[in-house]
Every structure is written in structure tokens, then in C-alpha cells.
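Read through the structure below, which is laid out as C-alpha cells, and then see the notes.
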Amino acid sequence: MSGVARRTVVAAAGGTGLVAVLAACGGGDTGDENSGTTGGAADTGGAASGGTGDTDAAPEAETLALTADIPVGGGKILADKGVVITQPKAGEFKAFSSKCTHAGCAVSSVKDGVIVCPCHQSHFDVSDGSVKSGPAGSPLPPTPIQVIGDAISLG
């Protein structure tokens, strides 16, 4: 009989703990945007995460390159990021994986409208990553970027 009583006590204590955890997490959706921010125990103001309290702000994107760093008709290889950024036409920026689709080698140069893989001389178009000459049979996969002002970052 003591085994049943013990289980009952543990279950009851666990249920009480669950209610306490749920209450501390903000309680539920009341439709009020400010619910849970009345200065109670759950209101950290962002301090617990080291933030400023503005939880809607996206983290600032890391600048990969400046637009001035990318020549028209050419590009820049960022080996540590696994990306090549190109500028097919003035003011138009594209990015692709810097890993060749043939044998996985890293591309080594970008000029005259072509991204070149040194392993087997596959050539890819700077405007869309398509294969200009093989042995690669697939284009370089695009990498999303964003250009804000003169800064280029992953997007």
C-alpha cells in the first residue's frame, strides 16, 4: 500500500511542478500583446538572454564583402564561408556554393564571366552558376545573399 501512496504523492508533486512551470512561462494566449510583461517573475526584459529586451530585432548579418570588392564580370571567393560572390553586370550581385559539382573541389578563380574549378577545369557562368564547360554536369547551387548599402551578407 505504501507504494501506491508514494506514486500518488510523486504524481501530485509532479503535477504541481508542471503548473508552476506553465505559470512562469507566461500563462497562455490572452490576445493581449503585453500579457506576461507586468513586472512578474516571468518578466526578464531580455536580460536573461543578454539581449536588450527587443526580441523582435533580427541579429545583424555578418558582412561578407563590400560591393566595391566584387569586380564586374568577376567575383570573390570566400573559401571559409564556402561561397563565391559574383557581379555579372554592374550593380547585380549573385552568390553560389564554391564547391564544384563535379568532384567537390573548391573553385579557384573568377574572371571574364567564368568561375573556374582547378581540379578538372569545369567552368561556370557568373550570372547563374550554370556549366559553361565540363566535366561538371550540374550548376553551382545558388546561395542567398542580401545587399544593403555597400555591404553584402548572407541572406
Run the numbers on the range 63-154 and let me know its relative contact order in percent, using alpha-carbon pairs under 8 Å that are six or more apart. 27
Taking amide H positions as placed in the peptide plane 1.01 Å from N, state which residues far from residue 72 in sequence (5 or more) or on other chains have amide H under 5 Å from it. none
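Bear in mind that the values in this text are calculations on the coordinates, not laboratory data. These figures come from a predicted structure and were not determined experimentally.
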